[in-house]
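Can you read through this structure? Questions will come right after.
Nothing in this text is a laboratory measurement; each read-out follows from the coordinates by a stated rule. In this text, all values refer to a predicted model and were calculated from it rather than measured experimentally. Please note: Cβ atoms are built from the backbone with ideal geometry, for glycine as well, and neighbour counts cover all protein chains shown.
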Amino acid sequence: MIGETFGKWTVLKDAGKDKHGKSIVLCKCECGTRRKVLVTRLKYGHSRSCGCVVKAMRRAINFAP
Ligand SMILES: [Zn+2]
């Protein structure tokens with residue numbers, strides 16, 4: 001699944017497994033943030049970005065007239 005995209009994430013490489021034996025991959029968000037994400041979270045759409053989308057939306061709301 002290297003190179004696949006899920007929302008704003010692009011999978012960079014395999015990052016092993018967590019303590020429960022679930023696969024983790026190193027992902028890069030569209031904004032440049034890199035983070036290890038559980039594969040299941042990507043596949044079920046639970047993780048679509050590093051959170052920058054939500055932050056950008058909050059900022060937009062704060063600066064709205
Ligand atoms: Zn981001």
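Using r as the Cβ-Cβ distance of Ser23 and Ala56, and R0 as 25 Å, what FRET efficiency do you calculate, to the nearest 0.05? Could you put the intermediate results ahead of the total?
Numbers: r = 29 Å, r/R0 = 1.17.
Approximately 0.30, to the nearest 0.05.
Per-residue ellipticity at 222 nm for the chain, helices alone: DSSP H runs ≥ 4 residues times -39500 (n - 2.57), over residue total, nearest 500 deg cm²/dmol?
Values: 2 runs with 16 residues, N = 65.
So the helix-based figure for the chain works out to -6500 deg cm²/dmol.
Under the rule that a partner needs its Cβ under 4.7 Å from the first Cβ, which Cys of the chain have none?
By the Cβ distance rule, which asks for a partner under 4.7 Å, the isolated cysteines are Cys27.
Something else now. By a straight-distance test (C-alpha under 26 Å), which lysines pair with Lys22 as possible cross-link partners, with residues fewer than eight away in the same chain excluded?
Hits, sequence-local ones excluded: Lys8, Lys13, Lys36, Lys43.
So for the range 5-62, Kirkwood radius off the Cα pairs, Stokes-Einstein at 20 °C and 1.002 mPa s: how many µm² s⁻¹?
181
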